[in-house]
Amino acid sequence: MSDTKIIELKDLLNGWAGNQISIRKEEAGDLDQIRISLDKATFEQRDAHDDYLGDHILFLHGTAYAAEDGSQVELPTITYEIPIDGINDIRTDDNIVSFETNRAQYVINK
């Protein structure tokens, strides 16, 4: 996936700043659901020595909550990180973005 597509994804998400978004991440049979009051989205490319995060990361900034056992738990950080190495098949609509990476499948709703 080209950096241009990643920048377009970041720009689309920045258009949602000021809104509540939800992120659904499915990885190795595990499902995580996060809600964020989105302030902004940023992208960083680096030479990581951490295989978990990888070299390309999409940062979603804002207050975030995880859905656990029917309740919401505030996350301790104000930045949600999405490793996007191997990102492909970015699908966008007015209120939904979905894509796959080397590690997981994501659906982000406005």
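Conditions: (1) open to solvent by 70 Å² or more (accessible area, probe 1.4 Å); (2) modelled with pLDDT of 95 or more. ASN19 meets all but one. Number of the miss? All conditions are met except number (1).
Applying the condition of being in contact with a helix residue (DSSP H, G or I) (Cβ under 8 Å, 6 or more places away or on another chain) and modelled with pLDDT under 90 to region 59-89 and asking which residue is surrounded by the fewest Cβ atoms within 10 Å (Cβ to Cβ) yields ILE87.
The values are calculated or read from the model by the stated rules, or taken from the named source; none is laboratory data. Being a predicted model, the structure only gives us computed values, none of them experimental. Reconstructed Cβ throughout: ideal geometry from the backbone, glycine too, with neighbour counts over all protein chains shown. Remember, those area values only see protein heavy atoms, side chains included, never the ligands or the DNA or RNA. Shrake-Rupley method; radii C 1.70, N 1.55, O 1.52, S 1.80 Å.
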